[in-house]
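The values are calculated or read from the model by the stated rules, or taken from the named source; none is laboratory data. As the structure is a computational prediction, the values presented were derived from the model and not from experiment. Virtual Cβ from ideal backbone geometry, glycine too; neighbours counted across all protein chains shown.
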Amino acid sequence: MTPMEEIEMDKRRKALDKSVISLVDKYMKTMEWDIPEVDETKARQMIMDEIKQAISRIESQARD
């Protein structure tokens, strides 16, 4: 990344983090509705793992 790109990314990093946290929270709420006695720690990790897999799929599609 160029220095200017890095500066722009730094400006947006906090907003991106907040967006990902909101996404995880959104799916946590969905899982709690479907599974009342869900293990929150395990559910949160499962959601984050799925987000990572989604990013990998998107990266693969971008290369094609």
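A few comments on the model shown:
- All of Ser60, Ser19 fail the test of being loosely packed, with under 12 Cβ neighbours inside 10 Å, among the hydroxyl-bearing types (Ser, Thr, Tyr) and modelled with pLDDT of 95 or more, apart from Ser19.
- No other residue among Thr30, Thr41 is β-branched (Val, Ile, Thr), in a helix (DSSP H, G or I) and surrounded by fewer than 10 Cβ atoms within 10 Å (Cβ to Cβ) apart from Thr41.
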